[in-house]
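Reviewing the structure listed below.
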Amino acid sequence: MNYILSELKTAISYQIYETKEQLPENWEELGCQNIFLSKDYFEILDKSAPNNMICHYIGLFEEQKLVGVAISQFLDLNKLESFGERDRCIKTTARKFILKNFASHVLLIGNNMLTGQNSFVFSDSISKPEGIKALKKASIDLKHKFKSMGKKVHIITFKDYTEEDIEKFAIDLNLFKNNYKYSTQPNMIFNIPFEWKSEQDYINSLLKKYRDQYKRARKKAEGIEKRKLHLEDIIVHEETIYNLYYHVAKNAPFNTFFLTKNHFRIFKETLQDKFLFYGYFLDGKLIGFNTLIKNGDTIDTYFLGYDDTIQREKMLYLNMLYDMIAYSINKGFKEIIFARTALEIKSSVGAKPMKMFGFAKHSSSVGDLVFEKAFNSLEPKVVWQERNPFK
C-alpha cells in the first residue's frame, strides 16, 4: 500500500507516503521551509535510515491544495544491540526490560534523529491545532498499517514542541487530553547577535574566565589539523568515521538507533554544500570529526565522533564547539542548534537551554500506567549548572 487517504470533518485530508518518489511535485512549496522536511532529506532517509527505523511522509490537503507536510518514524527497539552503555547499573537493566516489554515499538510524529520542531510545516491557511489534529488521525492510520504488517505499535508520541506550542494545543483543541506529557533534556540554542561579524567579536564578548578557557582549549589543540572533507574524502575514511561515531554513540547514556555506515556518504552526495563535514587529524590520522547542516539562516549541528583518549588531552570536543561558532558567525547565520547532550559544556560556550515537550500514548491502559510511572526513571537524569560566559 503506497498511501492512505482519509477525509476529516475539518475538511483537511491527508496522504501517507512511503518514499520520496511518491511525493507530490509541489511538496517543496512547504518542504523548502525546513531542510529536514525537504525531498532531498527524505531521499537520505530512504537510502540510509537506521536499520530499526521506518519512515513515512505525510501531506495535508485542503481540497486539492497542499497545506502541510510532516514526517513520521517507526522505531523497533528490539533490533538494537544496546540502549547505551555509559550507565551500567540496575537502572540500565530495568530500562532495557521495560523498553523491550512495554515500549519496543514506537511511532513518532517527528524526527527522532534531531532535536527541535522538525515534525511539520503548515501553510498559513490552517492553524497548528488543525494540522496536529489531522496528524493525530494519520498516526492512527499508521498504527493500523503497522498492525497489518505484524508490528504492534506500543506507543504513539509527538515530540519536541516549545512551551508556547504546548499551551496553544491545550487551549485551542485539548488535543492531548489523555496523553502523557513529558519533557526531556533541553535543546541548546546559540543565538548570534546581528553585530557579530567574526570570531573575534565572539571572543571579545566573553568574560575573562571564559576567554581564558577559549585560549587554553586552542593551545591544547596545537598540532591538530582541521580539514573540510569532500565526498571522496568521506568515502576514503568511511570505516574510521563510523568507528569514531559508533564509539561516541555507544557510550551515550541512552540510544534508540544507530546510524548506518554509509549515512554520511549519502548525506554528502545528496545535500552537497548544505552538508559540511570537518575532519580533525593528528600526525596524519583522523582522530575526530563533526558535521553541520545549513537550514535556512540556522546551522544545525549533526553527529560527531572522536577518539576519547585524544579528546580529553586535546580538549577536542570544546574546540569543535568553538569551530562551529566561528563558522556560523563568519557566514552570517542567526543561530546554531546544538541539540541535546553535553549541556554544561555547550552552556559554557554560550548556548541557552530551550525546554522541549512531547506527548505519548500507550496502546493499552495497563501499558499507559507502566509507561507513565517508569518514564522519569528511564529518562537519564543530568545534573548540570547553566553558565553565562558573556559580559
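The values are calculated or read from the model by the stated rules, or taken from the named source; none is laboratory data. On a predicted model such as this, the values are computed, not experimentally measured, just so you know. Cβ coordinates were reconstructed from backbone atoms using ideal geometry, including for glycine residues, and neighbour counts include every protein chain displayed. The area values use the complete protein model at the heavy-atom level, side chains included, leaving out ligands, DNA and RNA. Shrake-Rupley method; radii C 1.70, N 1.55, O 1.52, S 1.80 Å.
Tabulated data
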| item | result |
| --- | --- |
| The chain - mean residue ellipticity at 222 nm from DSSP helices (-39,500 (n - 2.57) per run, n ≥ 4, rounded to 500) | -11500 deg cm²/dmol |
| Violating pairs (Cα-Cα greater than 23 angstrom) within the set K261/K314; K250/K381; K226/K331 | K261/K314 |
| Extreme residue, positive dipole direction of the stretch 188-354, given options I192, A249, F333 (C-beta unit charges) | I192 |
| On Cα atoms only, tilt of 238-250 relative to the major axis of the chain in degrees | 70 |
| For the stretch 21-82, fraction of C-alpha pairs farther apart than 15 Å, in % | 53 |
| Whole-number accessible area per residue in Å² for the chain, which is evaluated in the context of all protein chains at 1.4 Å | 46 |
| Angle in degrees between helix 90-102 and the longest Cα principal axis of the chain, rounded to the nearest 10 | 30 |
| C-alpha long axis of helix 39-48 to longest principal axis of the chain, angle in ° | 80 |
| Overall dimensions of the stretch 188-354 by Cα: Rg and Dmax, Å | 15.5, 43 |
| Debye, to nearest 20: dipole size of the chain, +1 on Lys, Arg Cβ, -1 on Asp, Glu Cβ | 1440 |
